[in-house]
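The values are calculated or read from the model by the stated rules, or taken from the named source; none is laboratory data. Please read all numbers here as calculations on a predicted model, not as lab measurements. Note that we place each Cβ from the backbone using ideal geometry, even for glycine, and neighbour counts take in every protein chain shown.
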Amino acid sequence: MRSIIPYAKHSISEEDIDAVKKTLKSKNLTQGPEVKKFESIFSKNIGVKHSIAVNSCTSALHLSCLALNLKKNDIVWTSPNSFVASSNSALYCGAKVDFIDIDLETNSISLNELEKKLKIAKKKKKITKNFNFSSFWWCTQLSRQDTQTFKKI
């Protein structure tokens with residue numbers, strides 16, 4: 001029998017539990033002062049002026065697609081080893097989804113396959129708007145020129 005590979009290991013402290021209890025007991029369960037505090041801390045941590053807390057990653061991806069004006073005939077590259085939201089958020093905007101397989105060593109998007117897609121897209125002069133939903137890791141592995149040809153979410 002194969003052993004199970006854990007999908008995610010949570011790290012929840014007593015401080016986290018206390019913060020949730022405090023919010024649950026407050027007058028504002030949603031859109032209260034804790035949300036504003038979270039957005040402010042998050043913005044500072046990633047070095048941006050503004051951020052918006054949403055209810056799910058699906059909503060965040062969809063808003064990102066809308067903010068980048070993703071539309072019909074745009075192409076989104078993502079890995080099939082992902083949540084369905086990665087492709088659905090593009091489909092909501094009318095874009096086409098093109099899956100790129102994973103690298104078996106990293107379990108992230110295959111850089112070799114992504115580079116092949118980039119070369120094909122450049123030859124066809126189709127790099128007007130290509131998107132990729134994946135971990136930031138692979139972006140650091142490609143040349144700066146290649147990563148400037150498409151948007152990353």
* Asked: Taking segment 47-66, which residues are touching a strand residue (DSSP E or B) at 6+ places or on another chain (Cβ under 8 Å) and free of Cβ contacts under 8 Å to residues at least 24 places away in the same chain?
  -> none
* Scope segment 49-77; condition β-branched (Val, Ile, Thr) and at pLDDT 90 or above; matching residues -> Ile52, Val54
* Asked: How many residues does segment 67-82 hold that are in contact (Cβ under 8 Å) with a residue 12 or more places away in the chain and either more than 23 Å from Leu114 (Cα to Cα) or among the small types (Gly, Ala, Ser) (or both)?
  -> 2
* Structure fact -> Of the residues in segment 66-96, those that are exposed (fewer than 15 other Cβ atoms within 10 Å of the Cβ) and more than 23 Å from Ser56 (Cα to Cα) come to Lys72, Asn73
* Out of segment 66-87, which residues are among the polar types (S, T, N, Q) and under 23 Å from Asp101 (Cβ atoms)? -> Thr78, Ser79, Asn81, Ser82, Ser86, Ser87
* Structure fact -> Among Leu29, Leu66, Leu70, Leu24, the single one that is hydrophobic (A, V, I, L, M, F, W, C), out of contact with any Leu (no Cβ under 9 Å at 6 or more places or on another chain) and closer than 27 Å to Asn107 by Cβ is Leu70
* Looking only at segment 83-103, and only at residues there that are of a type in the set (Asp, Glu) and part of a loop (DSSP other than H, G, I, E, B), the one that is nearest to Lys117 (Cα to Cα) -> Asp101
* To do: Identify the single condition in (1) in contact with a Phe, Trp or Tyr (Cβ under 6 Å, 6 or more places away or on another chain); (2) at pLDDT 85 or above that Pro80 does not satisfy, given that it satisfies every other one.
  => (2)
* Residues (surrounded by 13 or more Cβ atoms within 10 Å (Cβ to Cβ) and not acidic (Asp, Glu)) located in segment 97-118 -> Val97, Phe99, Ile100, Ile102, Thr106, Ser108, Ile109, Ser110, Leu111, Leu114, Lys117, Leu118
